[in-house]
Amino acid sequence: MLTLYTFGPAFGLPDASPFVVKAEMLLKLAGLPYQTNRGGFRRAPKGKLPYIDDNGEIVADSTLIRLHIERKYGFDFDAGLTPEQRGAAWMFEKALEDHFYWHVVQARWCDDENFAKGPASFFKAIPWPVRPLAQAFIRRKVRNTLHGQGTGRYTQQEQAQLLKRGTQAAAQLLGDKPYFFGPAPCGADATAFGFIASAMSPDFRMTLRDEIENHPNLSAYVVRMRHEFFGDAGDGSRA
Ligand SMILES: N[C@@H](CCC(=O)N[C@@H](CS)C(=O)NCC(=O)O)C(=O)O
């Protein structure tokens, strides 16, 4: 049985990580039976989740998991897409991972109120006198990463402009279609759901969520995908 290593449902989402949600969606789209395991982070080959154990074959990274499924099971996530759509779908996915993702990270980890409501819970196992130090250490690391990646260098106003344009582009791409590239979900929908849903967690305030909510087709897409693939609870239980 294939095992997907996850963080587990959190913040009203199927998983705390959009990359894990993406990987789980890929398994669902490919129709592969799988189980989830929340105990694998310490053994994660790249120090990140998700990764899978497919009958002894370990594959880390959501995109490498996709390539593994395509290669091993001969499943084409983009069947039915034209070559142009295949190219656009891949680039759209990478834009979400490199743009939306970092804003979600920044909103969750750098905003004190959001941090207290969300990521602070990751430190519960650490005894109290050490816990604030560990939190401060990891939050500084996240800030440095955001600075290195570049998102951390934008002013709030600059970020708001970029997110407005980014969500508008996503809404224009979706239009009134049920899925991003037509009548059936494709590989990019796994990513789109993971990242757009993550921004819409009711637990956090974030500019990205406000911008998404300005586009009813994007909000409706998340509700629809969640219902279709994760059941009404949206908590990771199989639909
Ligand atoms: N490129 C990776 C990114 C995965 C990733 O960034 N995972 C984050 C959670 S969203 C993680 O595990 N972070 C833990 C850490 O950096 O210590 C993928 O596509 O799977």
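The values are calculated or read from the model by the stated rules, or taken from the named source; none is laboratory data. Keep in mind it's a predicted model, so treat the numbers as computed, not measured. Positions of Cβ are generated from backbone atoms using ideal geometry, with glycine treated the same way; all protein chains shown enter the neighbour counts. The protein model used for the area step is the full one, side chains on, heavy atoms only, and it has no ligands, DNA or RNA in it. Shrake-Rupley method; radii C 1.70, N 1.55, O 1.52, S 1.80 Å.
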*By Kyte-Doolittle mean hydropathy of at least -1.0 and Cα axial length of at least 24 Å, which whole DSSP H helices of the chain are selected?*
131-149, 156-174
_Can you show me the helix-derived [θ] at 222 nm for the chain, built from DSSP H runs with n ≥ 4 at -39,500 (n - 2.57) apiece and divided by the number of residues, rounded to the nearest 500._
-16500 deg cm²/dmol
*asked:* Can you classify segment 2-73 as rounded, prolate or oblate using the Cα gyration tensor, where a ≥ b ≥ c are the square roots of its eigenvalues, rounded means a/c under 1.5, and otherwise it's prolate if a/b beats b/c and oblate if not?
replied: oblate
*Rank by packing, highest mean first: peptides 91-97, 41-47, with packing defined as the count of other Cβ atoms within 10 Å averaged across residues.*
91-97, 41-47
*Residues with amide H under 5 Å from that of A10, placed H, sequence gap 5 or more*: D15, A16
*asked:* Full-extension gain between Q149 and V223, please, as 0.36 nm times their residue separation minus the C-alpha to C-alpha distance.
replied: 23.6 nm
_Range of Cα positions in the chain per principal axis (Å), largest first_ = 54, 44, 34
*If you rank Y101, Y73 by how much accessible surface each has, with a 1.4 Å probe, what is the order from largest down?*
Y73, Y101
*asked:* Quick check for me: using +1 on Lys/Arg Cβ and -1 on Asp/Glu Cβ, what's the dipole size of the chain about its Cα centre, in debye to the nearest 20?
replied: 860 debye
_Antiparallel %, DSSP beta bridges [both residues in the chain], to 5_ = 70 percent
*Please report, in debye to the nearest 20, how large the charge dipole of segment 2-73 is about its Cα centre when each Lys and Arg carries +1 at its beta carbon and each Asp and Glu carries -1 there.*
140 debye
*Which value, in Å² and to the nearest 10, is the accessible area of R205 when all protein chains are kept and the probe is 1.4 Å?*
130 Å²
*Please report how far the C-alpha centroid of segment 1-41 lies from that of segment 46-74, rounded to the nearest whole angstrom.*
12 Å
*T63: accessible area at probe 1.4 Å, nearest 10 Å²?*
20 Å²
